[in-house]
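*Asks:* Quick one: this structure, given as structure tokens, is what I'll be asking you about.
Values quoted throughout were computed directly from the atomic coordinates according to the rules given, and no laboratory measurement underlies them. What you are looking at is a predicted structure, and each value in this text was computed from that prediction instead of being measured. Because the Cβ atoms are built from the backbone with ideal geometry, glycine has one as well, and the counts that use them run over all protein chains shown.
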Amino acid sequence: MALKIAVLASTRASDMRGIIDAIKRGYLNAEIKILFSNRKESYALERAK
């Protein structure tokens, strides 16, 4: 069973990029289920798409 992850981000979400890469490479058995941001213009929201 994959770990379900929630991400909190306000700008670039560089840490989220590392999590996504680890999931894609099979290093982390997880899925990002939800992303919260306090900024509408956050690049993290674009990255999440």
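*Asks:* Report the paramagnetic label zone for Lys4: residues of segment 20-49 whose backbone N is under 17 Å from a point 7 Å from Cα along the Cα-to-Cβ axis.
*Replies:* Backbone N within reach: 29-36.
*Asks:* On C-alpha positions alone, give me the angle between the axis of helix 14-25 and the longest principal axis of the chain, in degrees, nearest 10.
*Replies:* Approximately 30 degrees, to the nearest 10.
*Asks:* Under 23 Å between alpha carbons, and skipping anything fewer than 8 positions from Lys24 in its own chain: which lysines qualify?
*Replies:* Lys4, Lys33, Lys49
*Asks:* Quick one: net charge of Lys4's neighbours, Cβ under 9 Å, K/R +1, D/E -1?
*Replies:* Numbers: positive: Lys33; negative: Glu31.
So the environment of Lys4 carries a net charge of 0.
*Asks:* Now, a different point. Over all alpha-carbon pairs in the chain, figure out the percentage whose distance exceeds 17 Å. Numbers along the way, then the final one.
*Replies:* Working: 351 of 1176 pairs.
Pairs farther apart than 17 Å: 30 percent.
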